[in-house]
1. Taking the Cβ of each residue in B:Cys978, B:Cys759 as the centre, tally the other Cβ atoms inside 10 Å and list the residues starting with the fewest.
2. Which three lengths, in whole Å and largest first, does the range B:303-368 cover when its Cα atoms are put on their principal axes?
3. State the three equivalent ellipsoid semi-axes of chain B, derived from the C-alpha gyration tensor as the square roots of 5 times its eigenvalues, in descending order and whole Å.
4. When only Cα pairs under 8 Å and 6 or more residues apart are kept, what is the percent relative contact order across chain B?
5. How much net charge surrounds B:Val971 when only other residues with a Cβ under 13 Å from its Cβ are counted (Lys, Arg +1; Asp, Glu -1)?
6. In nm, to one decimal, how far is the modelled label at B:Lys539 from the one at B:Glu640, with both set 7 Å along Cα→Cβ?
7. I'd like the FRET efficiency for B:Ala113 and B:Asn265, computed as 1/(1 + (r/R0)^6) with the beta carbon distance as r and R0 of 41 Å, rounded to 0.05.
8. Which residues in the range B:195-225 have a backbone N closer than 12 Å to a point placed 7 Å from the Cα of B:Val137 along the Cα-to-Cβ line?
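Values in this text are rule-based calculations from the coordinates and carry no lab data. Note that this is a predicted model, so its numbers are computed, not measured. Methodologically, a virtual Cβ is constructed for each residue, glycine included, from the backbone with ideal geometry; neighbour enumeration extends over all protein chains shown.
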Amino acid sequence: MSVTAARLENSNPLIFHRAAERLITTEEQDEHLPDPIDDREIFDLIRSINDPEHPLSLEELNVVEQVRVNVNDQESTVSVEFTPTIPHCSMATLIGLSIKVKLLRSLPDRFKIDVHITPGTHASEDAVNKQLADKERVAAALENSQLLEVVNQCLSNRTL
Amino acid sequence: MAAESARLPGLVEEFVAGEVDSKAADVTEGVKAGNFTILELVEALGLSLTSSQPQTRGRGVQLLSQVLQECYSGLSEKEVEVLIAFYENRLKDHYAITPHVLRGLKALVKSTALPPGSAVSILKSLFQDIHVQSLMVAQRSCVYNMLISLMESREGELKGLGPDFVYGFVQAVDGERDPRNLLLAFQIARNIIHRGYDLSQFTEELFEVMSCYFPIDFTPPPNNPHGIAEEDLILALRAVLTGTPRFAEFLLPLIIEKLDSDVQNAKVDSLQTLAACGPVYGHRELADFLPGLWSSIRREVFQTASERVESAGLAALTSLSACLSRSVLTSDSEDPLQVFLELVLKDCKHHLCEPDLKLVWPSAKLLQAACGASYRSSLLITATVLPALLDEYSSRAQCAQRRTLLEVLHGFVQPTPSSLSAEGEESVLLPFQKSLCSAVFSALSESSAGLQITAIKVLITLGEQPGLLSESEVETAVDHLTKLILEEDDAQVSLAVAECAGSLSRLHPSSFTSRLIPRLKDEIFSEPMVLRDDSAPSKTRQRCVSALASVSTLPGLVQETAPVLLQVLSSAQRGSNSFSLEEVTSVCHSLQRIANRAQGAEEIGKFFHDVIIPQLLGLALQAALQSQRSSDLSSALTQETVLSALVPVISSVCAALQTDLAAQTAAQFVSLFLDGETSFLPENTYPSQIQLLKSEFESWSQSQLVCLLMACVCSFPHNHINSELYQVEIPEIDRLLGQLEDLSCTSTHPFSYTSAAKCFAGLINKRAAGQALDAALEKTLKRIRETLDCESSAQRVQAFTLLVWVAKALLLRYHPLSTALSDKIFSLLRDPELGSRAADSLSLLMSDSSDVLNRSCHADVRIMYRQRFFTENSDKLVQGFNSAEQEKKSVYLKALSHIVNNLPRQVQLTELPPLLPLLLEALLCPDDAVQLSVLSCLQPVLQDPPPALSSQLEALFSRLLSLTSSSAMNVRIAALRCIHALSRLPEHTVLPFRARVLRVLASPLDDKKRLVRKEAVSARGEWFLLGSPGGR
C-alpha cells in the first residue's frame, strides 16, 4: 500500500454494513429467459472496489449506494453518483476514476457511462465531474502508469 | 602386519610430496584396520610436519587431520593431549595451514578421551590466535561446531572461563554473514543464555552482536541449495533475543523502533518477538516501556490494512497482559496490570460507543485481546466495558448500531482458555447476567435478521457457560426460539435458531420437552386456516419439522420428537391430504438427521430398532397394499421420492446397530421380504400371502419396497470381536440373492429393478470371498451376458443396470472378476442402444453413490480404486476412441471425461498430460454434456497447471474462447471460469493472449443471462490486471 505511508486523512470514518449477496432466482437459471441489466447488477460491479486508503470497500464507506445507481438497459445508459466521505477528500478523483474504469471494463461498449459526485457533497465537485466526463482526460490518466497502478490496486481482489 | 606398516611411509610420501589425495583414504583404512597406529603415522609424517616449506607442512597436517576425523574415537587420553598441544601450536603457523589445523582440532574435541583442562586451553588459543571472521565460510563453521561440541561435553570447564568465554564468542561471531553459520551462532548464543553461562559485563555486547540481525531479511538463493528458509533464521534469532529477561532493557526499545518501519515483515516480526517475550519477562522488565509499546501496538492495529499485522499486534497485547497478570501484588505498590489496562481502556473504550465508525472494530479487538489474557484481566476489562456497552445498547434505537454493539459484546462474553475461571472463582459475567439476557431477548424480538442472528450467537455462548442462564431465562429463551421457528422465514435466521436450539437442548432438555416440542407439534397438525399465500403454512411446517430434528440431541428428546414425525407419516399414509409430498419428504429428512445421531448413542439406535423402524416399515407396507387394491388411493408413501428419503433413515440406523440387534433386524427384514412374515410389524392386519419380491408390473408398489430392504441389509457394520472380523449374518442369503436377481432382470419398473440391482450389489460387495460367492456370481453373470447378447431382448436395460452395479461392487473390493465386467461395459460403448448409457455408467462406477456401496454403510471399499481403474482402462478407452467411427467418437470422449472428472486431484495432475490432446478434442464435440464435463475437469487443473499444458495453450484458448458463445448457459459459464483460471498462469506464458481474450470477452459482457455476465466480468477484470502496473 504505497498511498498509506502518510497519516490517513480521515482515520475513523463511518462504516456501513454490506448488503447480502444477490440471491440466484429460478428465472436466472432458466436458459431461455433474458435477464436485463438492472441497478443491483451495476451496484454489485462497483460495491467491492477498494478504497484507496482504507482496507474497506466503497460500499462499507457508503461512498456508493444502490439508490444512487441508475441504469437503463434499453437506452444503454448508466449513471452512478458517489459520495466522498469528507468534503475535502483528495481521493475523490481517484475514486471516481476507479468506478469509471471498472464500469468501462465490465459493461458492453454500447453503454454510455456517467460517473459523478453526489451534488453538494464535495468542495470541488464541478472540477472532478468535469475530469471524469472528459473521455480524453480519462484515457490520458490511464496512460500514466502510477495512476493506473493505484486504480488497478483498487480494482484487484485484496490478497493481503 | 610388519609388511602393512612398511607401506605407511610410502603412502605418506605419495600424499605429501606426490599430492595424491586418495592416499589419505588408504591411510585411514589402515589405521581403522589396526595396521598402523596414529603414533606411527606421526612418526612417518615427521619430516613433513617440521619442513620449512609451508606447503609441505600444510600437506602433512592435512593428512593427519583427515585421518583423525575418522579415527578420533580410538585415541587414548595421552595421545589426545599430545596432539592437542601440537595443534594448538600450529594455530600460530602460516595462514595456509590454519584450515587443516581447525579440522584436526574439530575432530579431537569430539574425542571422549579429551583430558581435563584441554577445552579451556584450546579455546584460549583459538580466541587468541585466530581472527574468525577473516576465515572462509567452512572454517568459520568449523570453529562454531567446535564450540557447540565443547558446550555439550565440557560445560563445567567452559563455565570456569567466566565471562571470557562469552567475550571470545562475541569476538568470533561479530560480522558473520553466512546463513548456515548464523544458525550455528544462534544455537551457541541460545545455549549460553539457557545453560547459565556468566554474561556479566558482556550482556550488552552479546545482545548487540545478535540483535544487529533483527529483523531478519533473507531471501534464499534460487532452488535454496542449503534448505534454509527465512523462517528458520527468524525463529532461531527470536529464541536468542527473547531468551533472557536481562536483554529486556535493550530489546524493548529496539522493538519500538522497528515497529516504526515501513516494511510489513519487520512489523510482524517485531510484534511476534514482543509476544514471545511475554512468557519470559516479569512486570519489572516491562514497566518502563509499557506506554511506548502500547502506543505502537495501538497504532498498528488501528491503521493497518493487513490481517497479519493485526493478529500479530493482538497476540502481542495478549502476551503483555498475561505477563503482567502474573505479577505478585503487594499492599503498598499499585497493580501493574491495572495500570496498563487503564491505559488500554482509556484509548479504546470511547470508540466502542461510536458503533458507526471504523475504529469500533479494532478497539473491540484490542480490548478483547487484553481481556482474554487471564482471569484477572478479564475481570478488570469486563467490569468497565460491559456496563458501558449495555448502556450504549439500550440507548441506541437503530438496528444496525445495536447489531454492531451486540457483535462487540459477543467477543467479550466468549471466554478464552486462559481467561476461564478456575475452581472456586465465579464467572466474570455473573454480575451482568441479568442485563446481558435482557439485551439478548430484546434483540430477538426485533425485526432485523442480522440483529437476531447476532443475539442468537450471544445466547449460544451464554448457554455454554454453566450458571449464566437461570431456569426461567432458559424458558424465556426457548419461547423466543419457538416464536422464531414459527414466524421467521429468513434462511440465515433459521440456521442460527437450529444451531442454538441444538446447543441449548443438550444442556436444558426439560424446557424443550415441556415447551418447544408440544408447541411445534400443535403447529404441525393444525389445519392450514386461511390460504394467505399458498407457500406460507407449508414453510412454517417444514421449519417445525426441521427444528424437531435440531433439538433431538439426547435420547430423551428423541423419544419425544421421533414419534411426532412418525405421526405425520402415518396421517399422510391414511390419506388425509393435508400434508404435501414436499412436507412428507422433509419429515423423512428430519428423521434421517435424528437417525444419524444413533452413531454416537446406543440408546437412540435401540429406540429406532424397537419402535421407529417397525412402524416405518408397517406404514410403507400398508401404503403399498392399499394402492394395489385401489389405484386412485395412492398415498405419499408410495412415491419414489419419499421412499428414497426413507432409505438413509434405515441405513444410518442399521449402520450403527450393535451386533445382536443387527442380526435381529436382518432376520426380520429378510423373512418379511422372502416369506411375507409380518408378525414384528405393529397393527398386524396384513394379508398372509405377501410376496414383495415378485415382479408383475401391477405390483410395482410392492416390489419397489426392495429399496428399504437394501437400506437395511447393505448397511450393517463389521465388528471386531477378539480381533476376528465378524460380519452380521444375512439369513438365507442365496435364496435372497436369487430373488433379487430375478426382480432386477425381469421387473419393468425402473425404480424397482434399479433398487434390486443395488441391493444385490451391496450384498455381493460384503460377502466373504470363496466358492459360494463365485458360484452366485457365475450364475448371475451368465444370465446378464445371455440377455445382453440377445439384441431383441426386452430386458437388456435391466441386465445392463445389474451389470453396472455388480461391476461397481466388485471394483470397490478389488475382486479379480471386476476387469472382465468393466471390459464388458467398454465393449457396450459401441452398442447402438446402450452406448450412451454405458458412457454415463462410468460416472456411476467412479463416484461415490449416496445410498449403498459407500464407506458410511461399511461397504468393502479399497483405497485408490479409482486410480487403479483409470490405469487399467485409460489405454483401452484411447484405443477404442481411435478405432471408432466418427459418429461414435463422442461416446468415448464422454466416458473419458467421466473417469477423469472423478479422479483425485493429485492423480489428475500426473495423468492428464498424455490425455490433454484428447480432452481438447472433446471440447470440439458438439454434445453439451461432454463439453461441460471436460470443462469441469479442466478448471481445477488450470489452478495449478501441469507443464505439458504450455505447449497446448494456443488450442486451449481458441476452444475456450469459442465456447463462450455456446448455446448452453452452463457451458458458457464453465468456459469463462476456465478462462479466468488461465489468467493466473505464469505471466510470460499467457500475456501474448491478453489482447485476444479481452476482445472476445467483450461480447459475453452483453450476454442475456446475468450469471454468464457475472463470470465474464470477473474473468475480464482479471485479464485486464494481467501485465498491468499494480495488477499482477
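1. By the 10 Å Cβ count, ascending: B:Cys978, B:Cys759.
2. Computed over the Cα atoms, the extents are 42, 26, 14 Å.
3. Each semi-axis is the square root of five times an eigenvalue, giving 69, 46, 31 Å.
4. 4 percent.
5. Here the charged neighbours net out to -1.
6. That separation, rounded to one decimal, is 3.0 nm.
7. Numbers: r = 48 Å, r/R0 = 1.18.
Rounded to the nearest 0.05, the efficiency is 0.25.
8. B:221-222, B:224-225
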